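The values are calculated or read from the model by the stated rules, or taken from the named source; none is laboratory data. These numbers come from a predicted model, not from an experiment. Virtual Cβ from ideal backbone geometry, glycine too; neighbours counted across all protein chains shown.
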Amino acid sequence: MKFEYWSINLLMSRFIPLLLALLVAGFAPKVSSSELRALSTFVHLNEPIYVAAIYTQENASDPEGWLNSKGNRSMELRFIPARLSSRMFARVFLERILVNNAPDDVASYQSELQQILTFIRQDYRRGDRIRFDAPAKGSLTMKVNGSVVAEIKRPGFFNLLLRGWVGEKLKLQNFYRELVSPVAPALEQEFAELSIADGRQAWAKEMIGNKPSLTDSQVAENSTPEPKVQSKPKITPKKEVEAPKPKPQPKQVVSKPVQKEVTKPKPAVTETKKEVSKPKEEDEEPPVAQIAALNPLLEDLKSDYLIELKNAIETRATPRPPRTLRKVSRDDLVAQVTVNREGQVTNVAYASGDFPDKLKDAVTDELNRLTTLPTPPEVLVEKSYTVETIFNFGKCKRPAAVWICF
């Protein structure tokens, strides 16, 4: 009897909690989780930047369904490069939103965009992830490596972000085509393998409740003298005419004032001007109008673009002194490089300095050969953009008849 009594007590002690759990689960409201609906790899200047994922609670497989879904929705980015330029990513992220949304819509969410751009403009690394969760009811949250860093209460902001991926102007891009196609198993596996590295979750948690401090690379980027980058008075033809130097600077050809100036470059053409005079035929304004309400965002976009352009030029251009030079200065050679809306170099001008013409010509030739520079954002109205770049030949050696630069 004792054995039977003990067995019954043991059975009841295990059965009753299980029964209660089943009853609670039966009466509890069902919570549907969002499912993966789309994957695509975003590529910038031939370099994969991130894998984009779209999740929806409702069974939607196209942009219209994703935009009109009434259930839970999410967007997630997982970064691919070992290290990503914060300025480049911020520029591309903001540009796609501005181009694929109506200006009035963007202006109405300007403060919310500024809020998340604080966290977008960070130094991300491979495996880091950004996720935007928009529940059917409640606030949108922005997560970095799993930590909530921002909360947006106003409805409609998720669609503003989503149009940066599925906007009408993106339909011809490979990113869009891959996004609306069935999820490729290989890409899904790559997406799953992009895991968060050690220490990166702690890095993300430091952002919570605080405006993230600038990273070392951002401090270096922000220390770039942007007023000099954008200042065109230095390269206007007036200053060139007043200077009695025998060498005509290439600034005379690419100046903006009047087309009359452009129609007579031949008398003062140098080797630089011949190579850069072709791409200057743009009279049409960009299709997206610039409105006053967007000025702060457009200024941010332009600043990010100019820094990206400067970094791209200094990274990709590898000029060497010509063989005929026996020694070069260890000082910085400052070149003001102007590009057009196609990202083509149209003018190179040099600040004053003790550098021989042969060295400047070598730098100019190298800059004219650049073909994969970032193009300016479509929403910016300027027809040309000028940045100040720096080259230094202090580490170049001439052991024989050829210069070797390290």
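The table below gives the values:
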| read-out | value |
| --- | --- |
| Failed criterion for Lys169 (all others in (1) farther than 30 Å from Glu378 by Cβ; (2) part of a helix (DSSP H, G or I); (3) modelled with pLDDT under 95 hold) | (1) |
| Qualifying residue in region 78-91 (condition: farther than 30 Å from Glu299 by Cα, at pLDDT 90 or above and of a type in the set (A, V, I, L, M)) | no |
| Region 67-99: number of residues that are in a helix (DSSP H, G or I) and out of contact with any His (no Cβ under 8 Å at 6 or more places or on another chain) | 14 |
| Unique residue being under 18 Å from the mean Cα position of the chain (by Cα) and of a type in the set (A, V, I, L, M) when the list is Val148, Val92 | Val92 |
| Residue count for region 106-165, restricted to those that are free of Cβ contacts under 8 Å to residues at least 24 places away in the same chain and assigned to a loop (DSSP other than H, G, I, E, B) | 5 |
| Any hit, region 382-391, residues being buried (at least 18 other Cβ atoms within 10 Å of the Cβ), among the hydrophobic types (A, V, I, L, M, F, W, C), at negative phi and at pLDDT 85 or above | yes |
| Enumeration of residues in region 339-377 that are hydroxyl-bearing (Ser, Thr, Tyr), closer than 14 Å to Ala317 by Cα and surrounded by 15 or more Cβ atoms within 10 Å (Cβ to Cβ) | Thr364 |
| Residue match in region 213-227 (condition: under 27 Å from Arg96 (Cα atoms), out of contact with any Asp or Glu (no Cβ under 8 Å at 6 or more places or on another chain), at pLDDT 50 or above and outside the structural domain of Val387 (by TED's automatic domain parsing)) | no |
| Out of Ala362, Ala400, sole residue that is at pLDDT below 85 and either more than 28 Å from Ala90 (Cα to Cα) or within 20 Å of the chain's Cα centre (by Cα) (or both) | Ala400 |
| Subset of region 80-114 [surrounded by fewer than 18 Cβ atoms within 10 Å (Cβ to Cβ), farther than 20 Å from Val51 by Cβ and touching an Asp or Glu at 6+ places or on another chain (Cβ under 9 Å)] | Gln114 |
| Residue in region 332-340 that is in a loop (DSSP other than H, G, I, E, B) and either out of contact with any helix residue (DSSP H, G or I) (no Cβ under 8 Å at 6 or more places or on another chain) or in the same structural domain as Lys169 (by TED's automatic domain parsing) (or both) present | no |
| Val328 vs. criteria crowded, with 17+ Cβ neighbours inside 10 Å, at negative phi and at pLDDT below 90 | yes |
